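The values are calculated or read from the model by the stated rules, or taken from the named source; none is laboratory data. Please read these numbers as outputs of a predicted model, since none were measured by experiment. Here Cβ is always computed from backbone atoms with ideal geometry, including for glycine, and neighbour counts include all displayed protein chains. Please note that ligands, DNA and RNA were not included when accessible areas were found on the heavy atoms of the full protein model with its side chains. Shrake-Rupley method; radii C 1.70, N 1.55, O 1.52, S 1.80 Å.
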Amino acid sequence: MDKQEREPEDRLILDDVTKQLATTLQLLSGDPDEAAERAFAAIGIDTRAEAELLHEIAAAGPLAHPDRFEQSHRLAMRALEVLDRDGWKHPKLRPLGPLGGLAAAAVELVTRTIVRGYVAQVVRALSRLYARREAQSQTLTADRRMLARARIQTDRLSIGFKGGGLPLPTVLIGGAAVPVLASVARQAGALKGAGTIVLVAAGILLALVFAALAWVLLQGAGLAHRRIHVALAPSLAALYETIGHAGHPPRDQSEAIAAAAIILTAIAWFVVPVAIALAATFL
């Protein structure tokens, strides 16, 4: 009798949470849509997003495939090294005559910036992920030792993989178009009759500069995305699979750079001509 009376006092919230997660894991097996309906009926989960959250929490173990984790970790580290060292070199461009060497160097600069920035981003993400999974591991287990070693290694690598930024923010470069044209227009106004010619020449030059910059950014972003997809994406996907329930690997910045290139193209071919026309009307 005394034992039965003590049992409610010995029961912890942890027991209820563990039981609920076990129930959730069982309910969420099978077809995702049917699983969400079963979870709603049994434990009050009313959206698939909430069901996925509980499914991630209920996943057993810090590593989905601990026997393959170290192999996939080593492969990813090797891919990171190769991509950081060689993934931005030798862009394949159309023949550009005497400007070919300059164009290749400019594209390499953009590609190297995106690639090395992504490598640094991946290393930081893996370091955080390893630290979190290490904290979830039981003390003195093989999983904890493997994760601790991997976390220490990525922490050390973060010193060498620092990435880098472009020399100038591309959006700010594009935003400078109108102020530059306004300044040119004021100077051209002092020239009276020749002012319109000076303004048009400056506008054409500015449009060509922006068009060239947009082309370099677009080529560099495309090359970086391809090199990342070829050299690192498969190894990184394999690593995340062996870790399990870790979401998706980080995304590179090539899409953002490509968007900046499109903005610069629009400035070159639409904003600059309109600004020239407006400025010319006041001369």
Identify, from the list D84, D31, the residue that is at pLDDT below 65 and open to solvent by less than 80 Å² (accessible area, probe 1.4 Å).
-> D31
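I'm trying to understand the selection: among the residues of the stretch 80-106, which are aromatic (F, W, Y) and farther than 16 Å from A233 by Cβ?
Within the stretch 80-106, none qualify.
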Which of the following residues is within 20 Å of R226 (Cβ to Cβ) and not charged (D, E, K, R): L109, L126?
-> L109
Taking interchain pairs and intrachain pairs at least six residues apart, which have beta carbon atoms under 9 angstrom, with the first residue in the stretch 69-93 and among the polar types (S, T, N, Q) and the second surrounded by 17 or more Cβ atoms within 10 Å (Cβ to Cβ)?
-> Q71/A238; Q71/T242; S72/S235; S72/A238; S72/L239; S72/Y240; S72/T242; S72/I243
Given the conditions (1) in contact (Cβ under 8 Å) with a residue 12 or more places away in the chain; (2) within 16 Å of the chain's Cα centre (by Cα), report the number of the one that Y130 does not fulfil.
-> (2)
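Table: residues versus (1) part of a helix (DSSP H, G or I); (2) crowded, with 16+ Cβ neighbours inside 10 Å.
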residue	(1), (2)
R94	no, no
A103	yes, yes
A106	yes, yes
T111	yes, yes
R116	yes, yes
A120	yes, yes
V123	yes, yes
R128	yes, no
E134	yes, yes
What do you reckon, is R156 modelled with pLDDT of 95 or more, surrounded by fewer than 18 Cβ atoms within 10 Å (Cβ to Cβ) and among the charged types (D, E, K, R)?
-> no
